[in-house]
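In what follows, a structure is listed as structure tokens, so that the remarks can point back to it.
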Amino acid sequence: MSGTQGGTGAPRQEQEPGVRVGWRRRAEQAVAWARDYAWIVGAQARATLAPPPPRELATGSRAPVVLLPGIYETWPVMDGLVQALHAAGHPVHPVPALGYNGRSLEESARRVVDRLDGLDLDDVVLVAHSKGGLIGKLVLGTPGVGDRLAGMVAVNTPFSGSVYARWFPVRAVRALSPVDPDILALARQVASNGRIWSVYARFDPHVPAGSELAGAAANVRLPVDGHFAPLADARVHAVVLDGVTRLAAAWQGRSAVPPSAAAVDAVRAAHGHAGAGAVAGDGLVATAVDVVAAASATHRPTHDVPAHDVPTRDVPAHDVPAHDPAGPDAAGPADADVDGPRGAAG
């Protein structure tokens, strides 16, 4: 996968139809890259020396949130976003067992599932950064767990991998390459995409191809630069809060439709009982999840919600644009560029 388009050498998320990225913008990108590294160094230092007390964050009356940080990050790196979520009334829970998040996606997902079981919470919204979004998507597709989750809001997640990871000397980072089997397998699992908001920067030096997620996912690109520093940006906080609110409302308002007999057979097969049903992605995600989600999706409401202040592009009728009040009939947000429509992808 190439991180550039149109022969200009510009990252895909910076491309606009008929627009070339000039030297001034490249200079801005270089400065943003340097600031991004400076920000994460300071954030990691604060996370180590003065982490926020997790017990004080676990209070609130709105939808519970579980944090999934990026690779080699501890959850306090997300503190700015955490404080915004908690101030809005959401109880926020870390996953201490992730540590610095250098394990495989499958092992990390198991640790998140264990944490969810220990918390015994329902209608949870996962809030993730970078690699955490890959872990969260895997958890959303886990039989018996995904149906307790309202969805996920992911910031700057390499859903299609990162070309830079291919050449990194550390295996944990190379596992985020676009050609890694686990990344490819996870990309093929689209059943849970309709419950994911992918929020990403217009210029992400670590994910040059962008974080747009296919299918029914909501993709919101913001006029911010960087991979790490956007975690402290108020504009990112506002969109993440909006996503959490909408996902929770849509999940609570979903129709209680029993799964079909085929879906039940597929789930049984995924757990080793009698019945047909293969497991996709070398055991990462059961095909049964796709069957169950497809059965439920046919019964979801399809009402339009007006866009108001957010420009959208080619929005399907069942999508809900960002920044509109959510309601029980909201099926999901629309793809939106907060800084303007992108047009067709090149």
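Each value in this text was obtained by applying a stated rule to the coordinates, not by laboratory testing. Predicted model only: the values in this text are computed from it and were never measured. Using ideal geometry, Cβ is built from the backbone for each residue, glycine included, and neighbour counts are taken over all protein chains shown.
Take each peptide in 146-158, 46-58, count the other Cβ atoms within 10 Å of every residue, and average; sorted highest first, the result is 146-158, 46-58. Size descriptors for the stretch 88-231: radius of gyration and Dmax over Cα atoms are 14.4, 42 Å.
Listed values for the stretch 223-228 are Karplus-derived 3J(HN,Hα) couplings in whole Hz (6.51 cos²θ - 1.76 cosθ + 1.60, θ = phi - 60°), namely x, 10, 10, x, 9, 9, and x replaces Gly and Pro. With the highest mean first, a sort of the peptides 194-202, 124-132, 246-254 on other beta-carbon atoms found within 10 angstrom per residue produces 124-132, 194-202, 246-254. Take the Cβ atoms of E28 and L119, set R0 to 35 Å, and the FRET efficiency comes out at 0.25.
Couplings for the stretch 188-198, taken from phi via the Karplus curve 6.51 cos²θ - 1.76 cosθ + 1.60 with θ = phi - 60°, read 6, 8, 10, 4, 8, 4, x, 10, 10, 9, 9 Hz in order; Gly and Pro are left as x. Quick one: which residues, 5+ away or cross-chain, put their amide H under 5 Å from the amide H of R202? H built at 1.01 Å from N. The answer is L222, V224. Here the Karplus curve 6.51 cos²θ - 1.76 cosθ + 1.60, taken at θ = phi - 60°, turns the phi angles of the stretch 234-245 into couplings of 4, 5, 5, 4, 5, 6, 4, 4, 4, x, 4, 4 Hz, with x standing for Gly and Pro.
Residues whose amide H falls under 5 Å from that of A216, counting only those 5 or more places apart or on a different chain, are G194, with hydrogens built in the peptide plane.
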